[in-house]
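Single-structure report; data block below.
The values are calculated or read from the model by the stated rules, or taken from the named source; none is laboratory data. Worth saying up front: this structure is predicted, and the values here are computed from it rather than measured. Reconstructed Cβ throughout: ideal geometry from the backbone, glycine too, with neighbour counts over all protein chains shown. For the accessible areas, the whole protein counts, side chains as well, though only heavy atoms, and no ligand, DNA or RNA atoms are used. Shrake-Rupley method; radii C 1.70, N 1.55, O 1.52, S 1.80 Å.
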Amino acid sequence: MTASSTNKRPRIRLLIADIDGTLVTKEKLLTPGSVQAVSKLKDAGILFGITTGRPPQGTKMLVDSLPGLKFIAGFNGGIVVRRDYSLFKQNLLEKAAAEEVVQMILDNKLDVWVYTEKDWCVRDPKAYRVDKEQKTVQFPPRVTPTFDGLLDRVAKIVGVSQDYDAVARCEKDMQEKFGSRVSAARSQPFYLDVTHPKANKGEVVRMASEFGKIPIQEIATIGDMANDVTMFKESGVSIAMGNASPEVQQAATYVTASNEQEGFAAAVDKFILPHEDVSAA
């Protein structure tokens with residue numbers, strides 16, 4: 001669709017943004033344009049929240065820079081907190097499901113990370129991408145040789161591998177085996193995120209509607225990965241980043257520039273902020 005289609009939709013009252021690949025650059029940095037765009041949303045009375053596979057505490061650097069941020073849906077909706085990190089909603093994996101998921105990931109020759117309510121647990125601190133994840137979330141993992149005794153309060157389990165085909169196969173196997181018992185989707189080619197079935201970005205839209213007391217048709221979403229399509233389907237307006245795959249772009253209402261070209265800020269200006277040709281339904 002083009003911007004001229006905006007006069008056929010209600011005014012947007014809440015925007016939900018993915019973080020990595022959307023709100024921040026490849027270097028995981030907020031640009032001045034993104035900060036200004038969130039400020040414009042606040043001035044326009046539009047609520048702003050973020051959804052991410054990161055743990056909520058792994059977004060502190062963003063909260064400190066964005067006074068307009070109202071909520072954080074961590075673990076793709078596994079734990080939703082207000083900007084002061086007080087709990088709003090949580091969806092944790094059942095212990096039996098968590099145990100099966102860990103074993104299946106190991107059987108597929110992927111590394112395993114386990115995120116509980118409080119900790120990020122890894123078996124080897126020198127394993128693939130552990131250092132990069134630590135730089136992203138800005139807190140260290142808890143190192144444990146086994147996950148025994150840690151699987152009764154799990155928010156997310158991640159299968160990790162530099163063999164992208166193996167991650168894709170594990171995703172397919174997980175979806176076929178568990179069906180609706182878990183949500184299993186790749187957040188990156190090297191990450192398979194497994195969460196409670198209600199911990200997905202489509203469910204985040206419904207929780208955000210409850211949080212802001214705003215109808216879902218007045219909620220917009222913006223993202224770049226395949227797991228963002230679930231929130232595209234639930235929201236009134238959806239925006240894909242220019243760095244998204246063709247499939248993700250086709251699933252969105254609009255497409256903006258890439259995260260390296262101020263795509264988030266451009267989307268806010270062009271598709272979210274009220275214009276004279278947008279009805280105030």
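At a glance:
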{"item": "Residue that is surrounded by fewer than 22 Cβ atoms within 10 Å (Cβ to Cβ), more than 23 Å from ALA226 (Cα to Cα) and out of contact with any strand residue (DSSP E or B) (no Cβ under 9 Å at 6 or more places or on another chain), where the choices are ASP119, ASP148", "result": "ASP148"}
{"item": "Test result for ILE222, within 18 Å of GLN36 (Cβ to Cβ), under 17 Å from the mean Cα position of the chain (by Cα) and aliphatic (A, V, I, L, M)", "result": "yes"}
{"item": "Enumeration of residues in the range 73-97 that are open to solvent by 30 Å² or more (accessible area, probe 1.4 Å), over 21 Å from GLY159 (Cα atoms) and either in a strand (DSSP E or B) or among the hydrophobic types (A, V, I, L, M, F, W, C) (or both)", "result": "ARG82, LEU87, PHE88, LYS89, GLN90"}
{"item": "Subset of the range 98-112 (residues that are closer than 19 Å to PHE178 by Cα and either touching a residue at least 60 places away in the same chain (Cβ under 8 Å) or crowded, with 18+ Cβ neighbours inside 10 Å (or both))", "result": "ALA98, GLU100, VAL101, VAL102, MET104, ILE105, ASN108, LEU110, VAL112"}
{"item": "Answer from LYS40, LYS70 - the residue that is open to solvent by 30 Å² or more (accessible area, probe 1.4 Å), touching a Gly at 6+ places or on another chain (Cβ under 6 Å) and at pLDDT 95 or above", "result": "LYS70"}
{"item": "Considering residues of the range 67-82 that are touching a residue at least 60 places away in the same chain (Cβ under 8 Å) and in contact with a strand residue (DSSP E or B) (Cβ under 6 Å, 6 or more places away or on another chain) only, the residue farthest from ARG186 (Cα to Cα)", "result": "LYS70"}
